[in-house]
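The structure appears below as structure tokens.
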Amino acid sequence: MPKIYFIDVTNRDGVQTANLGLSKLEKTIINIYLNEMGIFQSEFGFPTTRHESAYLQANLELAAIGVLQPIRLSGWLRAIVSDVETAFRFVPDIRHLNLSISTSAQMISGKFREEKKREDIVEMMIDAVEAAKALGTESIGVNAEDASRTDMDFLIEFASAAKEHGAQRFRYCDTLGYDDPFTIYETVKTLAENVGIPIEVHCHGDLGMAVANSVAGAKGAIDGGQDAYINTTLNGMGERAGNADLVATILAVTKSKGFASRYRLGKRINLKKAWKISKFASYAFGVPVPINQPGVGANAFAHSSGIHADGVLKDPENYELYDLAELGRGKLEFVETGREICFGEYSGISGFRHIMGKMAITFEDSAKAREILELVRYANVEAQKPLVEDELLFIAAYPQIAKKLLTLSPLE
Ligand SMILES: [Zn+2]
């Protein structure tokens with residue numbers, strides 16, 4: 001039976017959220033956490049965007065030395081030959097790509113202003129796929145932007161051409177969140193049956209159905225005989241109403257009535273990392289996790305009404321579908337309520353030694369301590385908030401890679 005995989009797109013689609021963003025170090029920590037969690041792939045950024053190059057190359061180095069293994073790091077590009085060439089010029093080690101182009105009549109006429117016809121769209125995509133292969137890409141996903149508003153016949157033609165030219169996956173983008181679980185199931189199943197290619201489902205929440213649509217779309221791919229790759233973001237961050245939330249979607253495909261023990265994951269997911277990754281994303285984006293968020297919301301395991309509290313005390317399964325420990329919750333957390341020494345872009349060596357010492361990191365060599373201190377200051381310039389322990393530990397462990405992450409060299 002085909003399987004379900006997760007492709008997290010926080011570092012590409014999540015960072016497109018208006019008014020918000022992530023530092024390159026925060027993006028790197030997210031890649032590390034996604035890897036620890038067992039996520040198949042992280043769409044880690046934009047290889048044609050100049051200020052991403054050093055970050056992307058540094059993360060590929062982390063993959064080469066085994067830190068970011070086995071997760072696959074993939075870049076997002078427009079399906080245009082010149083973008084593919086630019087990507088390989090800026091990020092020579094990139095090996096996995098998703099190439100995106102609009103396929104709906106609305107976008108073909110509304111974005112390309114009648115200058116392009118459907119045949120042109122297919123041709124541009126084929127040329128981009130061929131260029132990517134020629135430059136050494138190991139895996140290619142082809143994205144149909146606005147697929148949910150695209151005619152079925154054209155989608156089949158487009159996806160078939162992508163497959164024929166060597167794409168390994170087809171991304172069905174419900175760009176505007178227009179689908180419902182019934183329509184996406186039927187459409188994705190038809191695509192899987194007619195094209196015979198593994199399908200990614202990329203769902204947005206404009207009508208409040210991103211997770212439900214992702215689950216239904218994945219079922220459509222599997223029932224049509226193909227592997228399903230669900231696109232998610234941390235805490236559902238993303239443009240407008242956001243994307244399918246990673247933790248909620250994992251819960252849905254592993255715990256729901258129709259999925260639990262019927263559909264299988266392609267990779268084991270360590271759900272115990274859910275609490276940590278969701279909290280970090282919330283801190284990094286500066287957006288609180290909603291109180292009623294599935295699994296990781298403050299109230300996800302809170303009970304106050306008499307009948308519920310009594311029921312849970314007798315047996316948690318009376319009112320809880322899954323255990324809080326499964327999500328890595330339940331540990332006491334240290335909250336500083338007294339004097340606090342925190343670190344910023346203008347901090348000095350003594351505060352730095354104090355903070356690192358609390359994590360049992362000491363520096364024998366004062367030159368080394370000053371080097372790490374300087375890098376931490378730079379990281380603060382970008383983040384504009386105190387770094388979390390894992391960020392500090394990362395800089396101390398991989399100063400050379402941190403240096404690359406923090407390097408922004410504007411074009412001359
Ligand atoms: Zn999107």
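The values are calculated or read from the model by the stated rules, or taken from the named source; none is laboratory data. Because the structure is predicted, anything quoted here is derived from the model rather than measured. Cβ placement follows ideal geometry from the backbone for every residue including glycine, while neighbour counts extend to all protein chains displayed.
The table that follows gives values for the structure above.
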{"read-out": "Within region 355-386, tally of residues that are assigned to a loop (DSSP other than H, G, I, E, B), surrounded by 13 or more Cβ atoms within 10 Å (Cβ to Cβ) and modelled with pLDDT of 90 or more", "value": "2"}
{"read-out": "Selection status of Gly220, farther than 27 Å from Gly328 by Cβ, within 16 Å of the ligand (Cβ to nearest atom) and at pLDDT 95 or above", "value": "no"}
{"read-out": "Test for Gly205: is it over 19 Å from Gly38 (Cα atoms), under 15 Å from the mean Cα position of the chain (by Cα) and within 16 Å of the ligand (Cβ to nearest atom)", "value": "no"}
{"read-out": "Helices (runs of 4 or more DSSP H) contained entirely in region 210-315, each with at least 2 residues that are touching a Lys or Arg at 6+ places or on another chain (Cβ under 6 Å)", "value": "210-223"}
{"read-out": "Meets criteria (of a type outside the set (D, E, K, R), farther than 21 Å from Gly217 by Cβ, away from the ligand (no atom under 16 Å from the Cβ) and surrounded by 18 or more Cβ atoms within 10 Å (Cβ to Cβ)) for Leu56", "value": "yes"}
{"read-out": "Enumeration of residues in region 387-406 that are of a type outside the set (Val, Ile, Thr), part of a helix (DSSP H, G or I) and in contact (Cβ under 8 Å) with a residue 12 or more places away in the chain", "value": "Glu389, Asp390, Glu391, Leu392, Leu393, Phe394, Ala396, Pro399, Ala402, Lys403, Lys404, Leu405"}
{"read-out": "Subset of region 185-210 (residues that are in contact with a Gly (Cβ under 8 Å, 6 or more places away or on another chain) and under 19 Å from Asn11 (Cα atoms))", "value": "Glu200, Val201, Cys203, His204, Gly205, Ala210"}
{"read-out": "Leading residue by the ranking (nearest to the ligand (Cβ to nearest atom)) among those in region 223-255 that are β-branched (Val, Ile, Thr) and in contact (Cβ under 8 Å) with a residue 40 or more places away in the chain", "value": "Thr233"}
{"read-out": "Lone unmet requirement of (1) basic (Lys, Arg); (2) at pLDDT 95 or above; (3) farther than 19 Å from Lys276 by Cβ for Lys27", "value": "(3)"}
{"read-out": "Within region 1-30, considering residues that are within 15 Å of the ligand (Cβ to nearest atom) and hydroxyl-bearing (Ser, Thr, Tyr), the one farthest from the chain's Cα centre (by Cα)", "value": "Thr17"}
